[in-house]
Structures are given as C-alpha cells and as structure tokens.
Amino acid sequence: MGACLALCSLASCASCLCGSAPCLLCGCCPSSNNSTITRLVFSFFLLLGTMVSVIMILPGMETQLRKIPGFCQGGVTIPGVENQVNCDVIVGYKSVYRMCFAMTCFFFLFSVIMIRVRSSRDPRAAIQNGFWFFKFLILVGITVGAFFIPDGTFHTVWFYFGAVGSFIFILIQLILLIDFAHSWNKVWVENAENSDNKCWFAGLLTFTILYYALAITAVVLFYVYYTQPDDCTEHKVFISLNLIFCIFISILSILPKIQEAQPHSGLLQASLISLYTMYVTWSAMTNNPDRKCNPSLLSLVSNVSVTEPSGDSNPGQVQWWDAQGIVGLIIFLFCTLYASIRSSSNTQVNKLMQTEEGKGSGGEGVVGEDGILRAVDNEEDGVTYSYSFFHFHLCLASLYIMMTLTNWYHCSYFSMPAVWVKMSSSWLGLGLYLWTLIAPLIFPDRDFS
C-alpha cells in the first residue's frame, strides 16, 4: 500500500516537473505570478550550478575529480605560467570552468530560442514556463559533455569570454542597484508625505548615514592595509579617484537644479552607490599579484603578517578562491534574486532591462481541472519581461560566477587585467549613475520617471 502511495506521489511530481511553473511551485506561492515563479526556478538552476561549482573546489575533491576518465592526465598549460602545471593543483579550477561553461551554454541556448516572444500564447512560452525535468536533463547533458572538452586553448579562450561577461554583469548589478535605490527612496518618501509619521524620513536618514559610514570606513581600511608608504601607487590612485568621484556624485545629487528635474534623487542613492563602488574597488585590489599590496582578508582578520613566498615554496599550493570571492558570491546571489522578483516603476530602467512596469501581485491562485492550485498566468496579453534578455542575464551571471570562484586565474599574468576590468566597471558604473542625475537636465522633454 505504501509503495502504491509513493508511486502516485512520484507520478504527481513528474507531471509537475514536465508541466508548467505554476504547477511546480503552486504549493509554496499560490498567489504569485507565473512570470515571477518561472524566473525563480531558472535562478534556482543557476544557484544549483553554483553550489556544484563550489563543491568542486573544496579541499579533498581533487581525488574524486581525477577519477573522471581522461579529465586529469599529465600536465596542463596555463598562460602566464612557464611549462606545465600539475593537474592535481588546478583540477578544481578546470571543473569550475567546465561547469560554468555548461550553464553559460544552457542559458545562451534559451536566450536564442526565446527571442521576440510577445505573450504566453506563443508556443515557445510553454517551453519557457514548463518542461522543467527535460530542461534539467539538457543541463546535465551539457555538463557531462563539457568535462570531455580537450584542454588545448579552451581555458585561455574561455577566460577572455569570462572577463568580458563579468564586466557586463558588474554593470548590470549596478543598474539593478540604482533601480533598487531609486524605488526604495521613492516609496519611503511617498509614505512619509502621505502620512504624518516621520519615521520614514528617520529611516532614510539612518540608512544614508550607515552607508556613508561604511564607505568611509572602507576607504580608511584600504589606505591602511592595501597601500604602503613607498609602494602600491596604483591602489592609492584607485582609492583616491573613487573617493573623489563618490563625493562629487553625492554633492551633485542634492543640488537644487538636480532636485527640480529629478525629485526622487537624493543622498540615499548616492550613499548606496558609493558603498558598492568601494566594494568593487576592494574586489579589484584583491586581484593584485603583489602580496604586499594585497594581503589576504583572512590574514587581516587573524592578524597574520603577509610575506612574500620564498623560492623554495611549492608553487602548486594555490588557493583558487578566498573570503573576497565569498563576499562577491553573496552580493551576486542577492542581485540575482532581486532581478527575479523585481517590479520597477522606473521607465528608463525597464527599457534597459527589457521589462514592463510592475503591476503587483496577480491575486489569488486558480484551481485547475486536476484540482491543483496554480499561480496566475499574467502574460496572456503580453510578457512582463524579455525572456531572451533574462536568459542572457543568467548567461553573464554564469561567467561572473566562474571568474569569482577561480579568482580570475589568480596568477600574475591575468591578475592585473582583472584589476583594470573591475576598476573600469566601477568608473563606468559611476558614469551611469551620473547620467541618471543629469539626463533630465540635458533632455527636459523626455520622460525619465
């Protein structure tokens, strides 16, 4: 009898796995929209691949990974490293590259398939919102095939793909952050103006002071630990420039002309952007191959002095990710989740992110003919986000994960380019925020609400 009940339960789960997103997650969030649930499930696929990648670089996993036929035979050539490197040293890194290659191909495939889908009436929308079991099989199949790719120039070529993709993804993260800050400030100011409760203004002031305090603290710590009196000139320039830029956008955001053209601009957004800029600056400096200018965060916390490695040390002992990578991974997870559930009213951001203005919750779920409670299909008249762009965003996120977990190769040849990629992305991000402030003044006839 128990076996029969188990078979019935498995049959029910199988029907949902082969069916639509509302059937798959209706028990958890029956009042959610179909579009939101679908994005959450795809984000879960990305999170699952990230977890597998993290497991692959844990200490002790190299023994298991070497058992893959033909995957770890002889040495491997890495650009910037003379001769060949023992495969035991970088087997985890090789695995992460192949896992993220599989996720990138998976999401890029769906990005191409879903081009110009206009509503859920399109036959391709059924593929987007359903058939989850078969999608999972496709991802597993691509992953298995990726582990049989010959070494050759694969790592070199894929590194450059990862560098470009990570650069674009950092910019997307900043766009999402700007959108979040604007929406946050707008909602709290409207709540304060529509009620006599001044706690909303107090909350805005508290978070603004907190973010600026954290940003200033970061700048002080950068000068103390990531610079030397007679060395680390690049770091001094990076920290000073970004500090000046953050002060500039903060002053600009509260000028009367800016406030008149952009009523919802303010110090909350500027403080949050400043804090994120300092994070990107820190992330860039941690890729500097000079250990005197780049002490490990773990060594700072444990108060261990950093010394140059001796010539007799074993070059095979490489730490492919550290605390900086963990922090970057956490921020990435928050941004990915926000991208999945965001509902913005900012017209320009919606155009840029290929989404429509948020319409709130879809109400109560509906009960299908099979008696299963399903979420609301809110895309019969038109999609609320671009299916293709969403998958492209996850494709870039896969490349960002790859570069983060492997610390951008963490060898001298590629570390400095990683520094410049991250710093240039921080400057371009500050430029984007600056544009959101001055664009209404330059083009007064356009709608930037």
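Consider region 53-67. How many of its residues are open to solvent by less than 50 Å² (accessible area, probe 1.4 Å) and at pLDDT 75 or above? Even if it seems obvious, please write down each step before you answer.
Narrowing region 53-67 to residues open to solvent by less than 50 Å² (accessible area, probe 1.4 Å): 53-54, 56-57, 60, 65.
If we keep only those that are at pLDDT 75 or above as well, we get 53-54, 56-57.
So the count comes out to 4.
Within region 261-271, is there a residue that is of a type in the set (Gly, Ala, Ser), touching a residue at least 24 places away in the same chain (Cβ under 8 Å), crowded, with 19+ Cβ neighbours inside 10 Å and assigned to a loop (DSSP other than H, G, I, E, B)? Checking region 261-271: at least one residue is of a type in the set (Gly, Ala, Ser), touching a residue at least 24 places away in the same chain (Cβ under 8 Å), crowded, with 19+ Cβ neighbours inside 10 Å and assigned to a loop (DSSP other than H, G, I, E, B).
Of all residues in region 206-235, those satisfying the criterion of being under 21 Å from Thr286 (Cβ atoms), open to solvent by less than 80 Å² (accessible area, probe 1.4 Å) and touching a residue at least 12 places away in the same chain (Cβ under 8 Å) are Ala215, Ala218, Val219, Phe222, Tyr226, Thr227, Gln228, Asp231, Cys232, His235.
On the given criteria, is Ile149 among the β-branched types (Val, Ile, Thr) and over 23 Å from the mean Cα position of the chain (by Cα)?
Spelling it out, Ile149 is indeed among the β-branched types (Val, Ile, Thr) and over 23 Å from the mean Cα position of the chain (by Cα).
Remark: Ser166 falls outside the filter, which requires a residue to be among the polar types (S, T, N, Q) and open to solvent by 10 Å² or more (accessible area, probe 1.4 Å).
Quick check, is Phe389 at pLDDT 55 or above and open to solvent by 40 Å² or more (accessible area, probe 1.4 Å)? Walk me through it before giving the result.
Numbers: at pLDDT 55 or above: yes; open to solvent by 40 Å² or more (accessible area, probe 1.4 Å): yes.
Spelling it out, Phe389 is indeed at pLDDT 55 or above and open to solvent by 40 Å² or more (accessible area, probe 1.4 Å).
Among residues of region 191-205 that are open to solvent by less than 50 Å² (accessible area, probe 1.4 Å), those with a Cβ under 6 angstrom from a residue that is modelled with pLDDT of 80 or more, sequence gap 6+ or separate chain, pair up as Ala192/Trp200; Ala192/Phe201; Leu204/Trp188; Leu204/Leu268. Condition test on Val157, is it hydrophobic (A, V, I, L, M, F, W, C), open to solvent by 80 Å² or more (accessible area, probe 1.4 Å), in a helix (DSSP H, G or I) and farther than 24 Å from Pro263 by Cα? When the stated conditions are applied, Val157 does not pass them.
Of all residues in region 233-271, those being under 29 Å from the mean Cα position of the chain (by Cα) and farther than 27 Å from Glu190 by Cα number 12. Determine if region 221-244 includes at least one residue that is aromatic (Phe, Trp, Tyr) and closer than 24 Å to Leu176 by Cβ. Within region 221-244 (the criterion being aromatic (Phe, Trp, Tyr) and closer than 24 Å to Leu176 by Cβ), the answer is yes, since at least one residue qualifies.
Scanning region 32-52 for residues that are open to solvent by 40 Å² or more (accessible area, probe 1.4 Å) and within 15 Å of the chain's Cα centre (by Cα) turns up Leu40, Phe44, Leu47, Leu48, Met51.
Which one is least open to solvent (accessible area, probe 1.4 Å), of the residues in region 248-260 that are over 18 Å from Leu174 (Cβ atoms) and in a helix (DSSP H, G or I)?
Looking only at region 248-260, we keep the residues that are over 18 Å from Leu174 (Cβ atoms), and these are 251, 254-260.
Adding the requirement that they be in a helix (DSSP H, G or I) leaves 251, 256-260.
Numbers: Ile251: 96, Pro256: 102, Lys257: 137, Ile258: 4, Gln259: 63, Glu260: 142 Å².
Selected residue: Ile258.
The values are calculated or read from the model by the stated rules, or taken from the named source; none is laboratory data. These figures come from a predicted structure and were not determined experimentally. Every residue, glycine as well, gets a Cβ built from its backbone with ideal geometry; the counts of neighbours run over all protein chains shown. Quick note on the areas: whole protein, heavy atoms, side chains included, nothing else; ligands and nucleic acids left out. Shrake-Rupley method; radii C 1.70, N 1.55, O 1.52, S 1.80 Å.
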